[in-house]
Every structure is written in C-alpha cells, then in structure tokens.
Amino acid sequence: MNPSRVPLIAGNWKMYKTPSEAESFAKELLQEIPEKADRNILICPNYLSLGIVKNILSESHILVGSQNVFHKSEGAFTGETSPAMLQDLAITHSLCGHSERRGIFGETDEMVSLKVKALLDYSIVPILCVGETIQEREENQTLSIIRRQLTTGLKEVLSEKAGSVIIAYEPVWAIGTGKTATPEQAQEVHAFIRKELAQLYQEDISRKIPILYGGSVKPDNIDILMSQPDIDGALVGGASLKIDSFLRIVEFHAQ
Ligand code: PGA
C-alpha cells in the first residue's frame, strides 16, 4: 500500500443474499463499520438489491457499486442493465469483466472494453478485473494474459479519463478456492500492471490508478497483502458476506 493512495476495500456479494437479507445486512454494516478517513469501503450487491442497499447507505461513507453493466444506454436488451440506470440510482462504481462473467457468461476483452467506456461516459468508476487461470500461470503466460486484458480492456479510455479507472487483479485460481496468491506473487503482478499502465498512459497517471487484489482475501491474510507497495485495496467475495470477517478486513493493519 502506498500512503499517497486511499485504500479501497470492496465487497462483491456475487449471487448471494436475497433483497431482504441484503437490506438487513446493509443496516448492520451501517451500524458496525466505523467511518475512517484513511480507507474507502464499497459494497457490490446483486442488481435486485442495489436500490435498497443504496437507499440505506446513501447518507453514509459506504459506497455502493454494481457487479456488471451492459454497454448501451437503453434498448431492446432483455435482462440487461444500463449505465444510465445505475447512474439514476447514484451508483458510483461497477465491476467489469469479473472472471465469472468471462468464464461462465462468455464475456470477451472486447465486450469488457465497451463496458469500461460506457461506465466512464456516465461518470461511474469501472473496476476492471483481470487475472490468469491456473493453466495460464503454469504455462508462464500470466503476464502476457494480464497485458492483453489490460490493453484491450482499456483501449477506449483516453488519458484524461484513465485516472478514474480502478484495476482489480484476481487470479482465477485464487477466487473462491481458499488459495490466496502469496504476497510476493500478488506484488509481482501488481507492479507489472503499474508498469503497463505507465506505458499505456503516463507514469503519474499509473501511480494514481488503484490496483486491488482479489482472490480468497480473508481476515488472516489481509494485513500482509496490504503491506505490499502496489496493493491498494482488496476485492473480497466470500469473506464480505459475514459482518465479522468483512469488518476485520476493513480494519486491516498494513505492516
Ligand atoms: P473470493 O472472491 O474472495 O470469494 O475468492 C473474490 C471475487 O471473486 O471477487
């Protein structure tokens, strides 16, 4: 963690919590999560709960984001949700290209790049997720895969807007498996991402772009992960679903 960047801890609820469960959890978060000027907190519930959670948290310091978006403003796109709709709910962030979207729902780098651009057009911060599979890691392709996902994912983003983007490095093999990347493995890829961003834009812009780590982040590994110089926050799945574990992650102590 670099002290010049305010760290962001984001909870990705995935397809967990019904709207009523989301409502009571949001109320609990509001009571339990202390406001701290030195860290930002973001919750990404399912679409059905977005409005409810946003209403509960609207006056608080806790930000609310979407897990996905479609790149058009409106139209005959059954089942999709537009950035205009998110903006109307005052949603400030959205995940883009999460590996479950890529792997299960066939999202390509091209599709992800359209989402990134559409969100920026509506002043919503895209959290562009990148990460390699275990096979790609074993075949030493990690860095080339990350380069491709970044370069294509950001190809519509001009330098003026690049500072409004967040990157999340989530090795696919670490998501939901309990196998976290070691702090060294994560730092190596984060530093590579920072270098790539400096090449795509400029060094000062690359220093401003937060790079989150995701993949089995838990209360017992958050401190060491957050101690790495290029890890600016965490994208937390499973451990964001319980108040105690999420609270402990939010209250990390970088060493
Ligand atoms: P996990 O999920 O923390 O359950 O591994 C992270 C994510 O998919 O964003």
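Counting Lys and Arg as +1 and Asp and Glu as -1 over every other residue whose Cβ lies under 13 Å from the Cβ of Tyr16, the net charge comes to +1.
With a Cα cut-off of under 17 Å and a minimum spacing of 8 residues unless on different chains, the lysine pairs in segment 66-232 number 10. With just the Cα atoms defining each centre, how far is segment 5-33 from segment 95-151? Give it in Å. Here the two parts' Cα centres lie 24 Å apart. Sorting Tyr169, Tyr16 on solvent-accessible area from highest to lowest, probe radius 1.4 Å, gives Tyr16, Tyr169. Note on Thr133: accessible area approximately 50 square angstrom, rounded to 10, probe 1.4 Å, nucleic acids and ligands left out. Note on surface exposure: Lys17, Lys115, Lys208, Lys218 rank Lys208, Lys218, Lys17, Lys115 by accessible area, highest first, 1.4 Å probe. With the helix formula -39500 (n - 2.57) applied to DSSP H stretches of n ≥ 4, the chain reaches a computed 222 nm mean residue ellipticity of -12000 deg cm²/dmol. Look at the alpha carbon pairs under 8 Å that are at least 6 residues apart: their mean separation over the length of the chain gives a relative contact order of 21 percent.
Taking Cβ atoms as reference points and 14 Å as the exclusive limit, the residues near Pro126 contribute a net charge of +1, counting Lys and Arg as +1 and Asp and Glu as -1. Comparing Ile193, Ile224, Ile209 in a Gaussian network model of the chain where C-alpha atoms under 10 Å apart are linked, the largest mean-square fluctuation is found at Ile224. Residues whose amide H comes within less than 5 Å of that of Leu95, counting only those at least five positions distant or on another chain, are Ser66, Gln67, Asn68, Ile127 (H built at 1.01 Å from N in the peptide plane).
Restriction of the GluC sites (Glu not before Pro) in segment 3-61 to DSSP coil positions whose beta-carbon has at most 16 other beta-carbons within 10 angstrom yields Glu35, Glu59. Considering only Thr151, Thr81, Thr18, the Gaussian network model of the chain with Cα springs below 10 Å gives its largest mean-square fluctuation to Thr18.
Electrostatic tally near Gly163: other residues with Cβ closer than 14 Å to its Cβ, Lys and Arg +1, Asp and Glu -1, net +1. Looking only at Ser20, Ser206, Ser123, which one moves most when the chain is put into a Gaussian network model with springs between Cα atoms under 10 Å? Of Ser20, Ser206, Ser123, the most mobile in the Gaussian network model is Ser20.
The values are calculated or read from the model by the stated rules, or taken from the named source; none is laboratory data. Values in this document were obtained by computation on a predicted structure and should not be read as measured data. Here the Cβ is made from the backbone with ideal geometry for all residues, glycine too, and neighbour counts use every protein chain on show. In case anyone asks, the SASA skips ligands and DNA or RNA and just uses the protein heavy atoms, side chains included. Shrake-Rupley method; radii C 1.70, N 1.55, O 1.52, S 1.80 Å.
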